[in-house]
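Take a look at the structure set out below.
The values are calculated or read from the model by the stated rules, or taken from the named source; none is laboratory data. Since this is a predicted model, take the numbers as computed values, not measurements. Glycine also receives a Cβ, built like all others from the backbone with ideal geometry; neighbour counts cover every protein chain displayed.
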Amino acid sequence: MSINLDTLRESIRGTVTGPDDDGYDAARAVRNGMIDKRPAVIVRVASAGDVMTAVRFAADSDLSVAVRGGAHSVPGFGTADDALVVDLSAMRGVRVDPMTHTARVEGGATWGDMNAATYPFGLATTGGIISTTGVGGLTLGGGIGYLARGHGLSLDNVVAADVVTADGSFHVASEKNDPDLFWAIRGGGGNFGVVTSFEFRLHPVKDIYGGPMFFELDKAGDVLRFYREFIQDAPEQLGVFPAYQIAPPLPFIPEDRHGEPFIAMVACWAGDLEAGEKALKPIQDIAPRVAEMVGPMPYPVLNSAFDALVPPGLHHYWKANFVKELTDDAIAAHLEHGPKLPAVNSTMHIYPINGACHRVAPDATAFAHRDATFATVIAGMWPPDQVDDATGTAWVRDYYDATAPYSEAGGYTNFAAEDDQDRVRANYGPSYDRLREIKIKLDPGNLFRHNQNIVP
């Protein structure tokens, strides 16, 4: 495809990179090394005005738009063949208002950017588990993290957002202004436009008590059965999830156990620090711990603790489901498939989404799975020189097939794979029909289709 980029360059403050330009290969790269797309142009925008110009240019040039924030999208939705990529990575500013306990966050910011800005004020909001993840992508699909049981999903804490829609127009969306768009972007993913900034509600969270605890594999059944009961009425200041994890070469893990698979529990007590040790004791008492790194620490330290396991360039393939009840049959499937992790980077997490998440009405936002207790992710991640793609994807698919009969039809869109488009209706659940009506109104040509797509 040949397009004239000169007029675009003249009207963009940021950088415009086409296939013939130096730096094109670097500009088109995303974190999942399995993704190798060749966009028509990558626009590294500097402002909302740049976004408006880029979107209008795409529409006039008959190009689809792929939106890139943190570039963590497992299916690689931040790029696409013959598309215009709106790259938000230069827009990472965060401004905290300590008087109103809010933060204005630009669309390209990561959770590491967010935490670095809010921590000195003793404030935080629900983010993800990896700090290099983009704020925008995580929030638009939901936003499950350590603080969700106490403070809701990331999207539950959005007060307002600036959005550029398919016609290139600028919207300030909130409960009072553009309420349909505001509803849709909280759970409907990137189907409706480019969010150039969010306003978040913040909460008094600074230092937490927590960290990972590793148990022997033969205790995995005990861990999972304990977890399903304990989390039902655990204090909401406690975020905790079980994980299958190969032990990385870290100092707190016995050297002779490095490289072995374990069942782990990762905890975050965001209440009074003096109560943290007591809050975590029931977890520590499940079984003898092989290793742990538990204690008081800044919240950003825990929120970035696993970043090194997810460097750029890994190959990724993930599957996910919502779960109402962790049944004995489901646990049996986890016990069979969880220990077969293909690489130290791969994992399985069962996140709790009860507590504050359940107090939001199912139709209040587009995230409709408020009756689920857990969000399970089977995250296949591996270095391509150590694990072949067929082996990695087979582990994920076999594990998913074994647990799906004991799960809901839908899964968390942020964890869905590119081949999950046939699950889109189930993934958006009861919100799908209203989301489609809004999509028809705002993006009838499906300009924004590189996502878990709602076809207008």
For ALA166: the one exception among (1) over 24 Å from GLY49 (Cα atoms); (2) aliphatic (A, V, I, L, M); (3) touching an Asp or Glu at 6+ places or on another chain (Cβ under 6 Å): (1)
Which one is nearest to the chain's Cα centre (by Cα), of the residues in the stretch 409-456 that are surrounded by fewer than 18 Cβ atoms within 10 Å (Cβ to Cβ) and within 29 Å of GLU336 (Cβ to Cβ)? GLU418
Here is a list of conditions, (1) buried (at least 23 other Cβ atoms within 10 Å of the Cβ); (2) more than 30 Å from PRO204 (Cα to Cα), and PRO352 meets all of them except one; can you say which number that is? (2)
Looking at ALA103, ALA71, ALA116, ALA90 in this structure, which one is in a loop (DSSP other than H, G, I, E, B), of a type in the set (Gly, Ala, Ser) and more than 18 Å from the chain's Cα centre (by Cα)? ALA90
Search result, residues across the stretch 254-274 that are outside any loop (DSSP other than H, G, I, E, B) and free of Cβ contacts under 8 Å to residues at least 24 places away in the same chain: GLU255, ASP256, GLU274
Picked from the stretch 241-252 (must be closer than 16 Å to ALA308 by Cα and of a type in the set (A, V, I, L, M)), the residue surrounded by the most Cβ atoms within 10 Å (Cβ to Cβ) is ALA247
Residue within the stretch 326-334 that is of a type outside the set (D, E, K, R), without any contact (Cβ under 8 Å) to a residue 24 or more places away in the chain and outside any helix (DSSP H, G or I) present: no
Checked the stretch 270-288 for anything buried (at least 19 other Cβ atoms within 10 Å of the Cβ) and either of a type in the set (D, E, K, R) or closer than 22 Å to HIS203 by Cβ (or both); matches are ALA270, GLY276, ALA279, LEU280
Which ones in the stretch 133-170 are under 13 Å from ALA366 (Cβ atoms) and in a loop (DSSP other than H, G, I, E, B)? GLY142, GLY143, LEU153
From the list GLY76, GLY145, pick out the single residue that is under 15 Å from the mean Cα position of the chain (by Cα) and not assigned by TED's automatic domain parsing to the domain that holds ASP36. GLY145
Quick count over the stretch 129-151, residues being surrounded by fewer than 24 Cβ atoms within 10 Å (Cβ to Cβ) and within 23 Å of TYR428 (Cα to Cα), is 0
Any idea how many residues of the stretch 275-294 are in a strand (DSSP E or B) and among the charged types (D, E, K, R)? 2
